[in-house]
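The values are calculated or read from the model by the stated rules, or taken from the named source; none is laboratory data. Please read these numbers as outputs of a predicted model, since none were measured by experiment. For neighbour counting, all protein chains shown are included, and Cβ atoms are generated from backbone atoms with ideal geometry for every residue, glycine included. We work out accessible area using only protein heavy atoms, side chains counted, and drop any ligands, DNA or RNA first. Shrake-Rupley method; radii C 1.70, N 1.55, O 1.52, S 1.80 Å.
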Amino acid sequence: MVVGRVISSVAQRQVRYVTPVSANNATGLVSTVYGQIADEMRLVVPPALLHSPAPDLLAAYWMLMREPLLPTVTVTRAVKEAVAAVVSVANTCPYCAEMHSIGLYDLSTEQEAEAVLADRLDEVVDPRVRSVAEWARTAHRPGTPGGEQPFPAADRPELVGVAVSFHYLTRMVNVFLSSFLLPPGLRPASRRRAKRGISRVLRPTLRGNREAGRSVPLLPDAPLPADAGWAVGNPSVEAAVARSYAAYEAAGERSVPSAVRDVVRARLADWRGEDTGMSRRWVEPLVAGLPEAHRAAGRVALLTAVASYQVDEEEIAAFRRAQPDDRALVETVAWASFAAARQVGSWQVPATSGTAPRTQS
């Protein structure tokens, strides 16, 4: 009991820029979602805590992540954890990359986990893990040679679902959580020992199947958008994607000015996964046409969508001067993260599905 409270307190302190709802003070939808997460993950994890100022987005995050990742319908958890880790590497999210490489310590081998974390996929011995990881590593770069889906159609909802959910989640984590799961000063041998220990603690959450669809009732029914046609074929993933997408769009309408949404969508329409580098100069011409009161939100949303690791205290402080409440900040960052993840998913819709990939409108 005491250990659990200590861990929860440490997890809560990892969240920055907003004040999360503690598990002890949670009510309503937040309490319900926290209950599911604690049951399946052994604690209310920091990515859940950071969403708590916006209860419907907490539910949307949980179902978008849970339904593709946790139930193993056609794809093993090891393959899914490899996808989560390589998407995290692609998005420069060391927190998530380390977390999901730790999962591979238990589900695969220490050597393969470290190869995935170091972006050395040619060293992954398991051909199934390697081929899917290589696809996931460039799923956000349409037209990349060898970028065809190396898996059967039956696997698509789970694998694309994990990729989409982590293109969303890594952006949120880059903004709201500390950059590292483990202390960055640890020596390599000590880091590996720590990972071995954590992987043993996590084993019950990594092994064993989970009930498909458990999170779906958290949000109301919604139609599946055409650009999420990749989810068709798995009823739980399809329902989770439809309902979470509707929640993210509603959050954008509440908290993100329409002109800012238009600017972000226009930028994503031209985006093909390229890295912007460390300079943020590319943002200024895009926000120049916005009303002065909306430029801070425009900067935060654009950076989150395309280069989330560049969002810093200065950008957040400027946003807060215009919109001081936690919910507005969470909803703005979440909508921008979702817009980028949705774009990535649209590139994975099969051409034969009758729902051709399209840019968001």
Subset of the range 210-239 (residues that are farther than 26 Å from Leu29 by Cβ and either open to solvent by 50 Å² or more (accessible area, probe 1.4 Å) or acidic (Asp, Glu) (or both)): Asp227, Val232, Gly233
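One line per residue, one yes/no per condition, for (1) without any contact (Cβ under 8 Å) to a residue 60 or more places away in the chain; (2) assigned to a helix (DSSP H, G or I); (3) over 19 Å from the mean Cα position of the chain (by Cα):
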{"residue": "Arg192", "(1), (2), (3)": "no, yes, yes"}
{"residue": "Arg200", "(1), (2), (3)": "no, yes, yes"}
{"residue": "Leu224", "(1), (2), (3)": "yes, no, yes"}
{"residue": "Tyr248", "(1), (2), (3)": "no, yes, no"}
Within the range 312-322, is even one residue open to solvent by less than 40 Å² (accessible area, probe 1.4 Å), within 25 Å of Pro142 (Cβ to Cβ) and modelled with pLDDT of 95 or more? no
Residue that is surrounded by fewer than 24 Cβ atoms within 10 Å (Cβ to Cβ) and either on the phi > 0 side of the Ramachandran plot or at pLDDT 95 or above (or both), where the choices are Leu182, Leu121, Leu117: Leu121
Name every residue in the range 166-190 that is aliphatic (A, V, I, L, M), part of a helix (DSSP H, G or I) and within 22 Å of the chain's Cα centre (by Cα), in order of residue number. Leu169, Met172, Val173, Val175
Of everything in the range 99-109, what is out of contact with any helix residue (DSSP H, G or I) (no Cβ under 7 Å at 6 or more places or on another chain) and either open to solvent by less than 40 Å² (accessible area, probe 1.4 Å) or in a helix (DSSP H, G or I) (or both)? Give them in sequence order. Met99
Whichever residue in the range 13-40 is more than 21 Å from Arg171 (Cα to Cα) and in a loop (DSSP other than H, G, I, E, B) and, among such residues, is most open to solvent (accessible area, probe 1.4 Å): Thr27
Can you find even one residue in the range 345-358 that is assigned to a helix (DSSP H, G or I) and open to solvent by 60 Å² or more (accessible area, probe 1.4 Å)? yes
Test Leu286 against the stated conditions and say whether it is outside any helix (DSSP H, G or I), surrounded by fewer than 22 Cβ atoms within 10 Å (Cβ to Cβ) and modelled with pLDDT of 95 or more. no
Of the listed residues (Tyr105, Tyr95), the one being touching a strand residue (DSSP E or B) at 6+ places or on another chain (Cβ under 7 Å) and at pLDDT below 95 is Tyr95
Matching residues in the range 258-274 - criterion: being among the charged types (D, E, K, R), closer than 30 Å to Trp135 by Cβ and free of Cβ contacts under 8 Å to residues at least 60 places away in the same chain: Arg267, Asp270
When residues of the range 201-253 are filtered for being at pLDDT 95 or above, farther than 13 Å from Tyr61 by Cα and among the basic types (Lys, Arg), how many remain? 1
Going through Ser255, Ser199 one at a time, which residue ends up being open to solvent by less than 30 Å² (accessible area, probe 1.4 Å), touching a helix residue (DSSP H, G or I) at 6+ places or on another chain (Cβ under 8 Å) and over 28 Å from Arg327 (Cα atoms)? Ser199
Check Ala341, Ala296, Ala269 and return the single one that is in a helix (DSSP H, G or I), more than 18 Å from Tyr17 (Cβ to Cβ) and open to solvent by less than 20 Å² (accessible area, probe 1.4 Å). Ala341
Quick test of your reading of the structure: Leu43 fulfils all but one of (1) outside any loop (DSSP other than H, G, I, E, B); (2) surrounded by fewer than 23 Cβ atoms within 10 Å (Cβ to Cβ); (3) among the aliphatic types (A, V, I, L, M). Name the failing condition by number. (1)
For residues that are farther than 22 Å from Tyr95 by Cβ, open to solvent by less than 10 Å² (accessible area, probe 1.4 Å) and either hydrophobic (A, V, I, L, M, F, W, C) or not in a helix (DSSP H, G or I) (or both), tally how many sit in the range 133-158. 1
Checking the condition without any contact (Cβ under 8 Å) to a residue 24 or more places away in the chain and under 17 Å from the mean Cα position of the chain (by Cα), which residue from Ala84, Ala139, Ala133, Ala97 passes? Ala97
Inter-residue pairs, beta-carbon under 8 Å, first within 29 Å of Tyr61 (Cβ to Cβ) and in the range 171-190, second part of a loop (DSSP other than H, G, I, E, B) and of a type in the set (D, E, K, R), 6+ apart: Phe176/Arg16; Leu177/Arg16; Ser178/Arg16
